[in-house]
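For reference, the structure discussed in these notes is given below.
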Amino acid sequence: MGLLINREIEGGCRIGLWEITEDYETLFQMTYLNDEDIRRLNRFKNLNRKIESLSVRALLQQMTRHDARIVYHKKSHKPYMADGSYNISVSHSNKYTSVLLGENKLVGVDLEFMTHDIERIAHKFINEHEVISTNPLTRREHLYLHWCAKEALYKICDKVDINFQNNLTIKPFDVEREGYITGIIHNDYRNEEYIMRYSLENNYAWVYCTK
């Protein structure tokens, strides 16, 4: 299937979504890689991890240009465009990959396949100011959207001095198939609100934001 979404969401920002239906060889052949990229790819022992990595690069090159490259910070593993043309955020889960680009804005995206019992770990990331649905038909989705929203905020802050429970708060919202979430970052560096877009489809939760 490959490219599903490649659209501008606001000035200088673009969101992409890729469905991984290709095998390793197909993705490898359709993706531009230099020697350094190939060495990094070969460090992954797991085939699925290699396919995920290739899908990110394939999507990025569809969204920008055929020779666009992504590199990762050695300590934080935060992704960067090799030429510095965009801020970038990346997420992949199961069979989907998402990339968010911003020319002059910070960006954060998270995508989760909703298969795990997230209720079991909710106490680790939900705080006393957040309101979670008690409806058993929407509670799991509500929790996943909180998690994805906090992951997106975590990425937009460069993963610095952030505790999901103490430093990130999601304002109350009703679960729909798509909509907006307001998130707050409160730590020693920032006390800011962020408006995030979300969607629920095919058992995936998807949240992204720009600032």
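The values are calculated or read from the model by the stated rules, or taken from the named source; none is laboratory data. Nothing here was measured: the structure is a model prediction, and the numbers come from that model. Note that each Cβ is placed from the backbone with ideal geometry, even for glycine, and that neighbours are counted across all protein chains shown.
Things worth noting here:
- Of L111, L153, all but one fail to be assigned to a helix (DSSP H, G or I) and in contact (Cβ under 8 Å) with a residue 24 or more places away in the chain; the exception is L153.
- Options I118, I132, I156; residue that is outside the structural domain of M30 (by TED's automatic domain parsing) and closer than 20 Å to N202 by Cβ: I118
Rundown of residues vs (1) at pLDDT below 95; (2) within 19 Å of Y204 (Cβ to Cβ), yes/no style:
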| position | (1), (2) |
| --- | --- |
| I51 | no, yes |
| L54 | no, no |
| H66 | yes, no |
| T97 | no, yes |
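- Enumeration of residues in the stretch 174-189 that are surrounded by fewer than 18 Cβ atoms within 10 Å (Cβ to Cβ) and not aliphatic (A, V, I, L, M): D174, E176, R177, E178, G179, Y180, T182, H186, N187, D188, Y189
- Residue among N163, N167 that is out of contact with any Ser or Thr (no Cβ under 9 Å at 6 or more places or on another chain), under 27 Å from K105 (Cβ atoms) and crowded, with 20+ Cβ neighbours inside 10 Å: N167
- Taken together, K124, K105 contain a single residue that is surrounded by fewer than 20 Cβ atoms within 10 Å (Cβ to Cβ) and in contact (Cβ under 8 Å) with a residue 60 or more places away in the chain, which is K105.
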